[in-house]
Amino acid sequence: MVEVDVRSELPMLRVPISLIVDDWSVACVSERGDVDYRATYEFLTDMLSLGAAGVRGKISLVPCLTKTADGGHELLGCVSRGIKGVPREALERTLSLVRSEASRYFDFTPEMLTHTVVVDLSSGEVLSETEWEWSQRQGVEELAEYIAQSLRVLRDAGVVASGVTSPCDFGREVEGLYAKAILEAEKLVNGLSLTWYFLHVEPCKARVTPRLMHLDWGLGEAVVSIISCSRDHLSKSELERASRDPSKLADRWLWADGSGGRLAELYRAKSYLIFHTHWYNVYGSGDRLGFKALREVVSRVSHVMGSGVVWMKCSEVARYFATSKAFKAEAKGGGREIELVFRSPFMCKNFTVSLGVGREVASVEADGRRLRRLRDAPLEPNSWATSSDRLYVCFDLRDGARLRVLLS
């Protein structure tokens, strides 16, 4: 056995970027109780245009809708069975768009059952307590049952959610239990053993990455906390401060020349660029100013960062991050040939590692397939490059994968 310094790197040596949109569902309910399903559908079609431009990320799909009634709340229905005020054909049209097109670009997650008040699962009655208040005093079993129901509603509507979104600060005070409950719910409903959730926002830290909250190597299980790196810069207050100018709103995230903004700051630090907003801030004002600002951000990312970033769904970010923390590599050989045998509980596309080789590299193979040599970073799928005394390799990782490095 030989000693080789093997490190995980960012995917293809590019900075991961992902857009999170919270609070969306097949319809929205106004404070007066009016149900609007047209605006939510139009929002989804606009998001498809961003997806076609390369954007990847997550959109919430709240499973059940409620409205205030007589000092309390009334359950209007669930996306899997029907919602009062939403014609069946309109509901199916929206869900069909989610399943057929939008899911190619975005993960869809529950934001628990109602994003407002708790539903008693045994009776189906709506209670007066908010979901986030209720969550802070629950155990794993209770949380898992509630999360499983939210996943089940989406599954019955034809949408498999690989993770969940926390309404408000759902689960924050019992986060360890919450993470375990998400895993148990995903295993039960969708048969998934690698899952994730969105709860935290870190708008001031110099570097922001996901967090591995649970890992069982032997069982091949993991839970990843996906963290947003910035505030929602499309809020009503931000809109007024920017004098309702989409370009000025976009500046909060990224200047036109790439020299400033939160994303530029973190890009220079090689941080994960996961940022979030809310669907009503993107679309709710009726003039689409938020969407225009978001579209401008996407255009600027493409213009100033280009191939230095890679857009990823949150599920892809979670898989890559968990794999980067879980993989093991054993080196064999010596002299002019080094073979690395990888062990990993998870498969991962475009997994990227670097090796300290200290010599000129002649060729690299992954599982018997010769990889393409590139002159420098960033990498592409199934390729390699050298810089200083390190070799950088991008390949599809599986348990037992082998890298063969021939030195000059």
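The values are calculated or read from the model by the stated rules, or taken from the named source; none is laboratory data. Note that this is a predicted model, so its numbers are computed, not measured. Glycine also receives a Cβ, built like all others from the backbone with ideal geometry; neighbour counts cover every protein chain displayed.
A few notes on this one:
- Just one residue in the set LEU199, LEU192, LEU177 is within 16 Å of the chain's Cα centre (by Cα) and under 19 Å from GLN138 (Cβ atoms); that residue is LEU199.
- Top-ranked residue in region 96-125 [being in contact (Cβ under 8 Å) with a residue 60 or more places away in the chain and surrounded by 20 or more Cβ atoms within 10 Å (Cβ to Cβ); ranked as nearest to GLY71 (Cα to Cα)]: HIS115
- Matching option when the condition is outside the structural domain of ARG343 (by TED's automatic domain parsing) and out of contact with any Cys (no Cβ under 9 Å at 6 or more places or on another chain), among LEU65, LEU61: LEU61
- Residues considered: LEU188, LEU194. Of these, the only one that is surrounded by 18 or more Cβ atoms within 10 Å (Cβ to Cβ) and modelled with pLDDT of 95 or more is LEU194.
- Put simply, of ALA293, ALA329, ALA362 the only residue that is not in a strand (DSSP E or B) and not aromatic (Phe, Trp, Tyr) is ALA293.
- In summary, ALA293 fulfils each of the numbered conditions (1) aliphatic (A, V, I, L, M); (2) within 19 Å of the chain's Cα centre (by Cα); (3) closer than 30 Å to ARG241 by Cβ with the single exception of condition (2).
- Enumeration of residues in region 1-38 that are among the basic types (Lys, Arg), closer than 30 Å to PRO87 by Cβ and part of a loop (DSSP other than H, G, I, E, B): ARG32
- Residues (in a helix (DSSP H, G or I) and exposed (fewer than 15 other Cβ atoms within 10 Å of the Cβ)) located in region 249-282: ARG268
- Comparison of LEU65, LEU95, LEU127, LEU76 shows that the only residue that is out of contact with any strand residue (DSSP E or B) (no Cβ under 6 Å at 6 or more places or on another chain) and not in a loop (DSSP other than H, G, I, E, B) is LEU95.
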